[in-house]
1. Lys and Arg at +1, Asp and Glu at -1: add these up for the other residues within a Cβ distance under 10 Å of residue A:319 and post the number.
2. So, with +1 on the Cβ of K and R and -1 on the Cβ of D and E, and no other charges, what is the size of the charge dipole of the protein assembly as shown about its Cα centre, to the nearest 20 debye?
3. Taking the dipole about the Cα centre of region A:57-140, with the C-beta of Lys and Arg at +1 and of Asp and Glu at -1, give me whichever of A:99, A:71, A:125 is farthest to the positive side.
4. Can you send over the solvent-accessible area of residue B:371, 1.4 Å probe, protein chains only, in Å² to the nearest 10?
5. Given the whole protein assembly as supplied and a 1.4 Å probe, what does the accessible area of residue A:283 come to in Å², nearest 10?
6. Can you give the convex hull volume of the alpha carbon atoms of region A:287-359 per residue, in Å³?
7. Less than 16 Å apart at the alpha-carbon level, and either on another chain or at least 8 residues along: which lysines does that give for residue A:149?
8. Quick check for you: which residues of region B:260-293 have the amide N under 12 Å from the point 7 Å beyond the Cα of residue A:130 toward its beta carbon?
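The values are calculated or read from the model by the stated rules, or taken from the named source; none is laboratory data. Keep in mind that what you see is a predicted model, and the values were worked out from it rather than measured. No Cβ is skipped: glycine too gets one built from the backbone with ideal geometry, and neighbour counts run over all protein chains shown. These area figures cover heavy atoms from the full protein model, side chains too; ligands, DNA and RNA do not enter into them. Shrake-Rupley method; radii C 1.70, N 1.55, O 1.52, S 1.80 Å.
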Amino acid sequence: MTTNTSMTSFIQKTSAIQKWSRRFFMAAAGSLAISAAAGMPAFAQDAEWQKVIEAGKKEGTLVLYTALVGQPSTKQIAEAFTKQYGISVEVLEARASEIRERVRVEQAAGRFAADVMFTSEGQTMLYDKEDKSVDPLPVTPNSQKISDKFKLKVPMASVMTIPYGIMINTGLVKPADEPKSWKDIADPKWQGKILSDDPRAIGAGYLWFFSTYDKIGEDYVKKVASQKLVFTRDQRESQRRTARGEYSIYMPVIMTDFSDLKGLPVKFIIPEEGVPYVLYGNVMLKKAPHPNAAKLYLDFMQSPVVQKIYAGLGYGPVLSGMTEGLPADVKAISEAKLYGTTDTTRQNEMLAKSKDIFK
Amino acid sequence: MTIIHNRPLDDIAETAPTLGGNALTRAFSGGSLWRLIGMLVLILILGFLTIYPLAMLLYGSLHSTPPGMAGEFNLNGYRSIMTTQNLIVLANTIGISLAKTIPSLTIAVFLAWIVARTDTPFRGTLEVLITLPFFIPPILTAMAWGMLANPQVGVINMVWRWATGATDPLVNIYSYGGVIWHMCQYSIPFLFLFMVDAFRAMDPSLEESSRMCGASRWTTFRKITLLLMLPVLTSSFMLSFIKGIETFESALFFGLPAGIKVITTDIYESINHRATPDYQYATSLSFAIMGLMFLLVIWQWWMLRGKSFQTVTGKGFRPSVMELGPWRWVTFAFCVLFFFITVVLPIGQLMLGSFFRFFGFYTYDMLTLEHYRAVFANSEFWRAVRNTMVLGLLGATATMALGAIVAYISVRTRWRGRNLIDSMAWLPWMMPGMVLGVGFLWAFAMLPGPIPIYGTIWALLLAYIALGTPVSVRVMTGAYHQLSYDLEECSRVHGATWAQTMWRIMVALAWPAFAVGWVLTFFGIMRELSASILLYSVGSETLAVVLMKLWANGNAEQVSVIGLMMMLLVIVFRWVQLGFIKSRISKL
């Protein structure tokens, strides 16, 4: 991997990256009108889409539910959307299971409160198949431009991928010993030194388990299980614990969190095999009270402006060419090879396997 | 020496004179029709707040799908919880809860006695300080103790290793002991708050008589003070034990990494970490636990049945304290030690952490005020403060008013249905918060369209009232149990109306308990997340929701700042409250 070497100067550069990201965000949001006009001339002239824009503006409001809790980018993007269309965005945040039950019960009771839901591909499948709470995906100008691999069978307008990798404490792990791949985690020298998100329950640890079990195999996963991993379910606090020196390795870590830990003795590593990832995107909820505003928002999230914003924060964009000009370290994460993700249809089977292996 | 037994409650209530007066007076004093209507209204209110959401959950436990989805009624949920593994987890949970309740109660009783019944120096200050841990959000104390007592880099262990040269850690927060200790930190101040005014309100003449008859201080404490406190003690035990079964955070933060499983983490997992949330399993398990808890409550009723614990009589009530002589410095030292361990250590960590860029990394170049700036500049935070204050003030007042009425009827009358309302008020306490939150969501969303509660701030308020009522009823029950019927009779004989009697006697004397209950409820509302996260709407975010968002995004330092502000608020509230109580008592 190209990225492993380039990651070595991460710690020193994160401040610059953070500042850069902020500046980039502001500039990108500010130039939205220009890029929107330049980016979709063919569709923008489409009379149908113009009608959607007019109707969305008349609706005036958009209610967004998001399962990505606490991300400042949500609010910033919402503000940029308001600036572009004059449509105010009401954002309600809660964890995935809470949001899902809220939407389900609201719809069952005939209270159609929300328009758009920002969630993962796996959750979308459940919304679609089990709860039947989402509408088919509208075709919008930008939806036709996203990479083919992010055009899904489920009705979710892909927005970005969240990559997961390895985090080490640089005070405890010598450069020569640094793990470079997922396979290195199985080395007996790490026994008792790894803090891991719990793979026995839906979450980051399970994502790692699913990907590596499928791609490397059961023997590998069993080897890792014999490492006496310490399990946790609090991702951000676990990063701090590792930084404080409780453990040498924390995995899998959300790679985009790197900038939040600037100044701490930690290093984020992109494994050679690639990063397990979660694909995030928007769904349109059934009987959305502001359907046109919702379509505009779905389109907006796939526009180059928002895609560049996410790329600038390290997330994987679904439009190609969005990482141009990014600092090398951010680019490395944003372009990291996608290793694998979970499959909702196999969740019960794989959770059972994980519980069996990790006891 | 035995407890005095006054006339049985039933005799007194039965023979109480029927008063005239207006309709409201009659409704609660004797007029049977109005009394019936009053009771019905109360039953309706409690039914809506407690039975209705629980009925939705019961439906969830008996139906293959949650409300609103096609499915069938079956007992699969109850079948699925009948596993050997669950039995082990249950035994584990009960063991942990007992292991924290017994020492918590012992220490809390001792502290309450020291503060309320002895001449230990600086009691007023100590009273405020030792209750502080209860008001810190659990994630903050978890964070603080994770730094203080983790086996590798914990401050306590590092000092221990430095001082003794030992290689093994002295304490390990990720263990049974750690889970229990973290729970105790909430339990002790809660129980202390719950009991201290009962100790304070106790007529000291019984203790004085005991001492004059030659009993030692210890015997007097054991045979008089403790026994008189039996209703409060059993209530406290019950509240604490049941909450121990339902506690979630301690097990999540410190139990999970050590492989310790409890019922609540199991329920949490069944809702949040399965491919599809299994509400049938979660609700069935909750009802099974609720059934077990109910047996405990029945045991408490049976134990207290027919006994009287009145210590506040009309005869020369004079709150006074026991003089401990030189021992008062020992009791003082005990309180200070408790304060140091439970407040100075964790809150000191939080305060320190709030001034550095990263919690736990205390170097000069990391000093900053940016977390304070970020919190103060966060408009959502201020909106949440406003919402929480409004909800807290309204919610705590309404909850205490409801609790005072329910407790009055259940303790001081023998109206038909009094046991029913007492039980109804208890119910929310016996259901784990995260499940009850789902119950409120289902209940409010499924209300008929014209009832505009769902999605408004009222949904939160109603949920908070339901969640707080068990504590408010218990607090007021304890207080009413101690008031002699002579006081009411005397007031009535002297021509006071029922309302005057209520205001001048019952309210005046039960006021300290009311104030404590109010503070407990207010801060309960401030911390409540399980129902809030499911019921809040855009614009009605509460402080707990904002804290959760900040925590989820890794802003532990900003969470600390807010936690410290909550501490300040608590201190102000407690000073005002204690000052108020003192002025009331001095006027008696």
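1. That works out to +2.
2. 1480 debye
3. Among A:99, A:71, A:125, the one farthest towards the positive end of the dipole of region A:57-140 is A:71.
4. Approximately 10 Å² for this residue.
5. Rounded to the nearest 10, the figure is 0 Å².
6. Hull volume normalised by residue count: 161 Å³.
7. Cα-Cα hits under 16 Å: A:337.
8. Residues B:270-281 qualify, since their backbone N sits under 12 Å from the label point.
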